[in-house]
Amino acid sequence: MSKEVLVSVRGIDRVYQTKGETVFALAGVDLDVYRGEYLSIMGPSGSGKSTLFNMVGALDTPTRGEVRVSDVSIASLSSLERSYFRCQHIGYVFQSYNLIPFLTARENVALPQIFLGIDEPEANARADEVLTYVGLGDRLTHRPDELSGGQQQRVAIARALANAPSILLADEPTGNLDLHTGGEIIKLFKQLSVETGVTVITATHDHKMLAA
């Protein structure tokens, strides 16, 4: 049986005009990502990794070419439709965690579920479940400033998993972490791919992402 293509990128360019100069952040990129795959995209800063992520993650659309996720053409969606599509299908993990500082771990993870219309008790129960899964069952009511960097990144991963996405996008997820903690986060991503079937795509210039 052939594998299912979950992400299809065909001939995409992303062009910016800056001070009269044409800059190609992406030029003629083709990529297939299969359901359940664990993929790391390596490259130095400025090589277009985050730009490609923005295309796959429905945060932006290409200047030319097409991006299809779950056989949906991202460019065909309105801005509101893209927001809803992201919340349903894509989990995002950022280098800087992007947690809301005055919310607890539970509240940070419940928030994207509430955006989809899930009632608060159910959202909190799901938040507790995924936080426990990533090893933070004893940190449910802690705010970000009461957590270590590795713990904050685990909260961010739990938040990304809250709506059971088909794709988990992790943009430089170990960039702010030491070698040991970064290795633990990489192992967690690989565990998620195997145990939950989520497709994991990481973008990094950090070679420990490949060494773990």
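The values are calculated or read from the model by the stated rules, or taken from the named source; none is laboratory data. Small disclaimer: the values here were computed from a predicted structure and weren't measured. Don't worry about glycine lacking a Cβ; one is built from the backbone with ideal geometry, like all the others, and counts go over all protein chains shown. Protein only, heavy atoms only, side chains kept; ligands, DNA and RNA dropped before computing areas. Shrake-Rupley method; radii C 1.70, N 1.55, O 1.52, S 1.80 Å.
Compactness check for segment 1-122: Cα Rg over 2.2 N^0.38 Å is 1.22. Only protein atoms count toward the accessible area here, which uses a 1.4 Å probe; on segment 89-194, the carbon and sulfur part of that area reaches 54 percent. Close amide H contacts of Gly91 (hydrogens built in the peptide plane, cut-off under 5 Å, sequence separation of 5 or more or a different chain): Ile167, Leu168, Leu169. Angle, helix 105-115 long axis vs. longest principal axis of the chain, Cα atoms, 0 to 90°, nearest 10? So the inclination is approximately 50 degrees.
Sorting 125-137, 27-39, 148-160 by average packing, meaning the other beta carbons within 10 Å per residue, from highest down gives 148-160, 125-137, 27-39.
Taking N as the residue count of segment 112-187, its C-alpha radius of gyration divided by 2.2 N^0.38 Å amounts to 1.12.
Just the Cα atoms of the chain, one point each, no solvent: what log10 I(q)/I(0) does Debye give at q = 0.09, 0.13 Å⁻¹? Those come out to -0.36, -0.74, one per q. Add +1 for every Lys or Arg and -1 for every Asp or Glu among the other residues with Cβ under 9 Å from the Cβ of Leu147, and state the total. Net charge around Leu147: +1. In the chain, helices alone account for a calculated mean residue ellipticity at 222 nm of -11500 deg cm²/dmol, with every DSSP H run of four or more residues adding -39,500 (n - 2.57). The Cα center of segment 147-191 and the Cα center of segment 60-114 differ in position by 16 Å.
Per residue, segment 75-212 exposes an accessible area of 46 Å² to a 1.4 Å probe, with every protein chain left in place.
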